[in-house]
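First the structure, in the form of structure tokens, and then the observations on it.
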Amino acid sequence: MYNFEFERPSTVEDAVRALAGDEAQALGGGQTLIPTLKQRLAMPSKLVSLTGIDSIRGVCVADDGAVCVGGATTHATVAREAAAAYPALAALAGQIGDPAVRNRGTIGGSLANNDPSACYPAAALGSGATIVTNAREIAADDYFQGMFETALEEGEIITEVRFPVPQAASYQKFDQPASRFALVGVFVARFAEGVRVAVTGASAEGVFRWHEAEAALAKNFAADALKGLSLSADGMIGDMHGTPEYRAHLAGVLAARAVAAA
Amino acid sequence: MTSVSMTVNGKPVSGEVEGRTLLVEFLREGQGLTGTHVGCDTSQCGACVVHVNGEAVKACTIFAAEAEGAEVTTIEGMAEADGTLHPIQQAFQDHHGLQCGFCTPGMVMSAAALLKENPQPSPAEIRDYLEGNICRCTGYHNIVKAILAASGQDANAIAAE
């Protein structure tokens with residue numbers, strides 16, 4: 001690992017200032033970034049840890065019922081503290097990595113990285129969440145812009161993620177057991193105004209909404225409503241763990257399971 | 001270089017570290033606490049699990065500087081000062097919960113975190129919690145028995161089911 005300066009500010013303002021320099025990078029829980037640094041795939045001159053900022057940690061419920069998760073909140077905390085207000089979100093957080101990873105990894109780190117096989121992007125897109133940064137609010141539909149690409153600007157920090165709570169929801173993850181990422185994961189959420197279906201782990205473009213499934217489920221929220229629907233294998237990830245066709249098929253199976261479990 | 005201070009196994013310690021110094025390097029090389037092992041160095045195997053402020057973390061995937069001011073417990077902090085083993089360590093010995101022993105420090109620290117959260121876990125819950133701890137001797141069965149025993153449950157009865 002190349003060396004770097006390390007800062008651990010205690011306010012968002014100080015973190016934004018620290019990130020203003022060239023080649024400075026924000027550090028969440030480090031469960032992806034530290035392995036990346038060890039492989040010398042990144043070479044920041046400075047790391048700015050966000051875990052010392054109390055104001056962006058924790059889970060609360062807003063007046064409108066939305067579940068608000070601070071950007072530096074760990075997966076373990078979400079699994080515990082969102083369980084009553086948004087069980088599907090808590091269950092998703094409780095399946096990320098392993099217990100020690102969940103004690104460090106943060107929601108902001110996961111969403112800023114936007115790994116195409118990560119779980120949280122499916123929850124954010126599937127819930128129609130709002131990603132709140134130090135500068136603005138970004139709708140999940142505008143936030144995810146392709147594999148490891150997001151709408152975040154250089155030095156922009158995720159301070160909060162606001163999840164509207166659906167009437168029913170479930171996340172079904174088919175584990176890749178070595179990495180504990182999703183080989184494919186599907187988040188289904190039913191709201192009064194419609195159904196959202198977000199698929200992670202499948203597309204080379206990262207998380208995406210399966211609009212045909214959403215339309216079918218809006219008419220009839222039942223696993224049977226998905227019969228006959230299929231995703232194209234074009235643009236799906238193909239690797240040693242699964243072909244594009246396998247992933248496309250798995251997305252359909254998991255979507256049906258998510259509807260049945262929701 | 002920056003200086004870091006933390007409490008390790010109840011003792012205040014401090015030292016000079018680089019930004020990139022991992023907590024496990026600070027513990028092993030800085031403090032001579034070589035009980036915490038580095039197996040994979042890629043946060044997969046769990047041999048380096050220690051407790052930071054009471055929570056199990058992989059010491060190879062946290063910088064020493066991130067533990068500034070923290071209470072850290074390593075495997076060396078588990079036994080009593082007179083050498084009496086921690087009940088989890090004793091259970092590992094009684095139930096042959098190790099073969100080569102390389103993964104054992106991480107297994108014991110993960111088990112301690114589990115029992116704090118869930119004092120009477122089922123065998124399935126133990127296996128699930130140890131997802132991030134790999135034993136290359138494939139000694140999982142006796143590890144699960146040891147943790148059942150450490151939690152006051154009858155390990156032999158459950159294992160015979």
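The values are calculated or read from the model by the stated rules, or taken from the named source; none is laboratory data. Small disclaimer: the values here were computed from a predicted structure and weren't measured. When we count neighbours, we look across all protein chains shown, and the Cβ atoms used for this are built from the backbone with ideal geometry, even at glycine. The accessibility values were calculated without ligands, DNA or RNA, using every heavy atom of the protein model including side chains. Shrake-Rupley method; radii C 1.70, N 1.55, O 1.52, S 1.80 Å.
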*Is there a residue in region B:143-161 that is in a loop (DSSP other than H, G, I, E, B), more than 13 Å from chain A (Cβ to nearest Cβ), in contact with a Gly (Cβ under 9 Å, 6 or more places away or on another chain) and modelled with pLDDT of 95 or more?*
no
*Out of (1) farther than 21 Å from residue A:162 by Cα; (2) within 12 Å of another protein chain (Cβ to nearest Cβ); (3) touching a strand residue (DSSP E or B) at 6+ places or on another chain (Cβ under 8 Å), what's the single condition that is false for residue A:35?*
(3)
*Any chance region A:157-169 includes a residue that's open to solvent by 10 Å² or more (accessible area, probe 1.4 Å), more than 19 Å from residue A:113 (Cα to Cα) and modelled with pLDDT under 95?*
no
*Wholly enclosed helices (runs of 4 or more DSSP H) of region B:48-130 bearing at least 1 residues at pLDDT 95 or above, farther than 15 Å from residue B:36 by Cα and within 14 Å of chain A (Cβ to nearest Cβ)*: B:104-117, B:123-129
*Taking region A:1-32 as the region of interest, how many residues are within 11 Å of chain B (Cβ to nearest Cβ) and among the hydroxyl-bearing types (Ser, Thr, Tyr)?*
2
_Residue within region A:235-250 that is in contact (Cβ under 8 Å) with a residue 40 or more places away in the chain, within 24 Å of residue A:91 (Cα to Cα), surrounded by fewer than 20 Cβ atoms within 10 Å (Cβ to Cβ) and under 20 Å from the mean Cα position of the chain (by Cα) present_ = no
_Among (1) touching a residue at least 24 places away in the same chain (Cβ under 8 Å); (2) more than 9 Å from every other protein chain (Cβ to nearest Cβ); (3) touching a strand residue (DSSP E or B) at 6+ places or on another chain (Cβ under 9 Å), the one test that residue A:43 misses_ = (3)
_Qualifying positions in region A:79-107 - away from chain B (no Cβ under 14 Å), touching a strand residue (DSSP E or B) at 6+ places or on another chain (Cβ under 6 Å) and within 24 Å of residue A:156 (Cα to Cα)_ = A:107
_If a residue must be under 11 Å from residue A:4 (Cα atoms), open to solvent by 20 Å² or more (accessible area, probe 1.4 Å) and not small (Gly, Ala, Ser), how many such residues does region A:29-46 contain?_
2
_region B:9-24: number of residues that are buried (at least 17 other Cβ atoms within 10 Å of the Cβ) and touching a helix residue (DSSP H, G or I) at 6+ places or on another chain (Cβ under 7 Å)_ = 7
